[in-house]
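J.: My questions will all concern the structure given below.
The values are calculated or read from the model by the stated rules, or taken from the named source; none is laboratory data. Just so we're clear, the structure is a prediction, and the values are computed from it rather than from any experiment. Cβ placement follows ideal geometry from the backbone for every residue including glycine, while neighbour counts extend to all protein chains displayed. To get the accessible areas, we keep the full protein, side chains included, count just its heavy atoms, and leave off ligands, DNA and RNA. Shrake-Rupley method; radii C 1.70, N 1.55, O 1.52, S 1.80 Å.
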Amino acid sequence: MVERSELLRVPAFADLPEDQIDWFRGHAEELHLKPGDTYFRQGDPADAMFVILEGQLQARGELGGETVVLSPKPGDVTGVLPFSRMKQFPLDARATTDAKILRFPSSLFPELVQKMPELTKRLVGLMSDRIRETTRMEQQRDRLASMGKLSAGLAHELNNPASAAKRAAAQLREVLKKIRDASHELGRRELTAAQKSEIEKMED
């Protein structure tokens, strides 16, 4: 069984009464993971909460057509939480180093709510933070998608004017070349100073 002091180092469990900590310890399963070990997979029933005690973990998968990577660290509580509506795990989660975690079954959440009301309150706060972060990520993704559409639309709208400007520049270069050629031809002829001055003004 995990030591009481290990759980007390987890912010969500800090300062909780010892009898409540002992009850949780007695109903949680201690898991020791090696690098690459998976502790839940995308699509698995969301049937447990996990308390990260040691090591580095990574949760990865596709959400809304985009790759999402999360890195739970020691002291974090992840997985399904009390009052969560999560039915299936949305990502694959595995250890990237040797790790130790506690697995608490969601079937005991009703008893947890009764026996550990302060922990329940803190976990609900964590869930609210998770919802806000997910909402922020979705809003950011929507903004980026909107910017992409706007850029594509602007490129389409600017395409014809840009092409016209390019053609005009090419025509202008051709006209200037003809003027220079004509100027050189005139330069070989006997012109008055006033005539040469007028030609120079046209070139400017």
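J.: On alpha carbon coordinates alone, what is the Rg over Rh value for segment 1-94, Rh being the Kirkwood radius?
T.: Checking Rg against Rh, the ratio lands at 0.98.
J.: Moving on. Just the accessible area for residue 5, please: 1.4 Å probe, Å², rounded to the nearest 10?
T.: It works out to around 60 Å².
J.: Past 32 Å, Cα to Cα, is the threshold; run 149/177; 73/149; 73/115 against it and keep the listed order. Before the final figure, lay out the partial values.
T.: Working: 149/177 42 Å; 73/149 37 Å; 73/115 26 Å.
Over 32 Å apart, Cα to Cα: 149/177; 73/149.
J.: Report the calculated FRET efficiency for residue 56 and residue 114 (r = Cβ-Cβ distance, R0 = 30 Å), to the nearest 0.05. Working shown, then result.
T.: Working: r = 34 Å, r/R0 = 1.13.
The calculated FRET efficiency here is 0.30.
J.: Another question about this same structure. Take every Cα pair under 8 Å in segment 1-105 that's 6+ residues apart, average their separations, divide by the length, and report that relative contact order as a whole percent.
T.: 39 percent
J.: While we're looking at this one, here's another question. Residue-wise, which Karplus ³J(HN,Hα) couplings in Hz belong to segment 32-43, taking 6.51 cos²θ - 1.76 cosθ + 1.60, θ = phi - 60°, and x for glycine or proline?
T.: So the Karplus estimates, Gly and Pro as x, are 10, 10, 9, x, x, 5, 9, 10, 7, 10, 4, x Hz.
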